[in-house]
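First the structure, in the form of structure tokens, and then the observations on it.
Computed from the coordinates by the stated procedures, all read-outs in this text should not be read as laboratory data. All figures in this text were calculated on a predicted structure; none of them were measured in a lab. Cβ: placed from backbone, ideal geometry, glycine included. Neighbour counts: every protein chain shown.
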Amino acid sequence: MGKSFAVIGDPIDHSLSPNIHNAAFRELDLDSSYIAYRIPKGELKEGIEGLKQIKINGFNVTIPHKIEMMKYLDKIDESCSIIGAVNTVVNNDGILKGYNTDMDGFLDPFRKKEINISNAKILLLGAGGAARAIVAGFAKEKAKKITIANRTLQNADKLSEFAKKLGLESETKTINEIEGTLEDYDIIVNATSIGLKNEQSPISFEGLKEKTVVYDIVYMPMNTDFIKKAKEKKATIIFGYEMLLGQAVRAFEIWHDREAPYNAMKRALLGGF
Ligand code: NDP
């Protein structure tokens with residue numbers, strides 16, 4: 001029998017995940033399907049019961065359920081327990097096991113481009129859910145130090161405690177405080193949601209060293225103001241879609257236990273822009 005997969009969240013209409021996974025199924029001739037399924041906030045429990053009834057083989061979890069979904073898991077992979085949020089679930093005869101592929105997805109472009117993280121000085125803008133997976137990634141890859149800048153300093157402080165617990169040296173700043181200090185960093189990441197609505201970049205990039213790695217995890221639009229300004233300064237760019245692709249590839253490998261067709265998935269994703 002064919003296998004079925006879904007992404008659950010709300011809003012979910014514009015999710016690119018069905019395109020990416022269905023392209024992989026076509027490429028490998030797999031008898032599987034992947035749909036977007038809207039589950040509003042407050043209806044997660046019922047939604048999951050429904051998915052179990054139709055014997056879904058696996059699903060991705062996105063906003064607003066990534067943290068609440070932890071409650072409904074029977075088994076928790078380490079990737080998931082460290083970050084405290086789940087984005088990929090395997091259903092094994094009603095036993096749900098949770099994974100978090102955001103960290104691997106985030107790190108994937110560094111591996112592909114052979115960009116070294118160990119000993120790098122990092123500036124991370126933002127301290128939300130995605131930033132937590134990113135901090136775990138930098139800790140795993142043994143970055144030298146991370147500076148976390150966020151609108152709400154209290155959230156940055158909390159994330160900084162998490163970084164220290166993982167053995168990563170860390171400090172916090174407000175976004176205003178980092179203007180004029182960009183030459184101190186090797187890698188700069190935007191993990192705020194600034195850019196999604198075409199807002200201006202949160203930093204001016206004044207004084208950026210050429211070849212500094214600038215990574216925007218916002219993927220829609222592809223060329224955010226943050227990316228455009230970094231390009232003007234001849235930065236090495238990593239796009240948000242590369243993380244999105246990386247997490248989908250990793251989820252595919254967990255569900256299907258085989259190598260994902262990266263190029264077919266990338267073509268499908270880029271066709272969605
Ligand atoms: P959260 O809501 O958990 O965090 C949002 C972050 O953005 C917080 O740090 C918040 O600061 C900050 N922020 C929001 N609005 C503003 C503003 N107007 N000015 C300054 N700071 C602001 O979201 P997530 O962490 O889940 O996601 C963040 C972004 O990353 C989203 O755009 C999402 O689409 C993208 N994303 C991309 C992925 C990919 O695969 N490429 C994967 C996951 C997320 P404060 O603490 O002050 O509220």
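Things worth noting here:
- Once the Cα-Cα distance is subtracted from the 0.36 nm per residue extended length, the LYS228 to ARG151 segment shows a gain of 25.5 nm.
- Unit charges on C-beta of K, R, D, E only; dipole of the stretch 165-273, Debye: 460 debye
- For the pair LYS173 and GLU199, the difference between a 0.36 nm per residue extended length and the Cα-Cα distance amounts to 7.2 nm.
- Per-peptide packing, taken as the mean over residues of other Cβ atoms within 10 Å, places 130-137, 59-66 in the sequence 130-137, 59-66 from highest down.
- Check: the chain dipole with +1 on Lys, Arg Cβ and -1 on Asp, Glu Cβ, in debye: 180 debye
- Think of the stretch 104-238 as a dipole: +1 on every Lys or Arg Cβ, -1 on every Asp or Glu Cβ, centred on the Cα centre; then among VAL214, SER193, PHE106, PHE106 lies furthest on the positive end.
- Here's the list of lysines a cross-link from LYS71 could span, going by alpha-carbon distance under 24 Å and ignoring same-chain residues fewer than 8 apart: LYS41, LYS45, LYS52, LYS55, LYS97, LYS158, LYS165.
- Neighbour net charge for ASN198 - beta-carbon separation under 12 angstrom, K R +1, D E -1: 0
- The Cα atoms of the chain give a gyration tensor whose axes a ≥ b ≥ c have a/c of 1.5 or more with a/b greater than b/c, which makes the shape prolate.
- Summed residue charge, Cβ within 14 Å of THR88's Cβ, Lys/Arg positive, Asp/Glu negative: -2
- Helix-only CD estimate at 222 nm, as mean residue ellipticity for the chain, using -39500 (n - 2.57) per DSSP H run (n ≥ 4): -11000 deg cm²/dmol
- Gyration tensor verdict on the stretch 104-238 (Cα atoms; rounded if a/c is under 1.5, prolate if a/b is larger than b/c, oblate otherwise): rounded
- Here the relative contact order of the chain, from alpha carbon pairs under 8 Å that lie six or more residues apart, stands at 17 percent.
- Here's the list of aspartates and glutamates a cross-link from LYS144 could span, going by alpha-carbon distance under 13 Å and ignoring same-chain residues fewer than 8 apart: GLU169, GLU171, ASP184, ASP186.
- Each of MET222, MET243, MET69 was scored by other Cβ atoms within 10 Å of its Cβ. Arranged with the fewest first, they read MET222, MET69, MET243.
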